[in-house]
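Read-outs throughout are calculated quantities, based only on the coordinates presented, and are distinct from any laboratory measurement. Note that the structure is predicted; figures quoted are calculated from it, not measured. Neighbour counts are summed over all protein chains in view; Cβ atoms, including those assigned to glycine, are modelled from backbone coordinates with ideal geometry.
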Amino acid sequence: MKKLKLKSWVVPALYVVSLSVIFVSVMFIGKVLTTDYAKAVDSNFVPDNVVDKVDDDITQVVEVTNATVGHPYLLEGVTVAKDYYVDKASFEDQLKSLIYYKNAYMANTGVLYTNAEQFDVVSVLDGSVTSITDDEILGKVIEVTHTTELITVYHCLGEVNVKVGDNLKQNDVIGKSGKVNVDKGYENALLFEVNYQGKIINPNDFYTMKVSDLTK
């Protein structure tokens, strides 16, 4: 019986064809997975009663025109219950900046304000509401985006007066102080945090910063 011998170019050709099939298959699967993921992100995967999400058509950043940084309240008499935890502060000051919850002490990443009566919470700068959540411990939480590098967060709210996508002016009322279920449990509280350039910073330093530097 005559033996058949493959020509020298056949094996390399088959090898190339096999690689091409594998490459096309991987690209196809990747495209399908990407499409499904995009659909999942666009869908209401997170319940609407838990998180208000930003729509793609909503402008998340507005032009900040303020001359100075404001405080998140206007009412006189609002006091600091827990200050921002500073590593280089004295031991006594550090103790005053710890939050106690479930048998554990945590460094405060913002400033916790309180008052004898409920008070209005306001936006410290022009911005846009980009997130509203409801937390079991920290109450209603509003995130306001001012620039691509500056976000302020208002925790412990008892009421919310805005919705995601609202454009704000400095001192616009966004909600009211509420109860916080940590430490001693404050009835009329606001925990204010500042995220600048991807890092949580001391709000006390933030108040003294130049708006022109923040909005570069």
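Return the sequence-ordered ³J(HN,Hα) values of segment 146-153 in whole Hz as given by the Karplus equation 6.51 cos²θ - 1.76 cosθ + 1.60 applied to θ = phi - 60°, using x for Gly and Pro.
Each residue of segment 146-153 in turn: 9, 9, 5, 10, 10, 9, 10, 10 Hz.
Sort segment 156-203 into rounded, prolate or oblate with this rule: let a ≥ b ≥ c be the square roots of the eigenvalues of the Cα gyration tensor; rounded if a/c is under 1.5, and if a/c is not under 1.5, prolate when a/b is larger than b/c, oblate otherwise. Intermediate results must be reported in sequence, preceding the final value.
Numbers: a/c = 2.45, a/b = 1.16, b/c = 2.12.
Since a/c reaches 1.5 but b/c is at least a/b, the shape of segment 156-203 is classed as oblate.
What pairs from 88/169; 102/176; 82/210 go past 31 Å between their alpha carbons? Present the calculation step by step, with values, prior to reporting the outcome.
Working: 88/169 35 Å; 102/176 26 Å; 82/210 25 Å.
Result: 88/169 exceed 31 Å.
Hey, can you grab everything whose amide H is under 5 Å from the amide H of residue 191? Only 5+ residues off in sequence or another chain; H modelled, so Pro and N-termini drop out.
Excluding prolines and chain starts, which carry no amide H, the hits are 113, 155, 156.
Arranged by the count of other C-beta atoms within 10 angstrom, fewest first, what order do 207, 154 take?
Fewest-to-most ranking of 207, 154: 207, 154.
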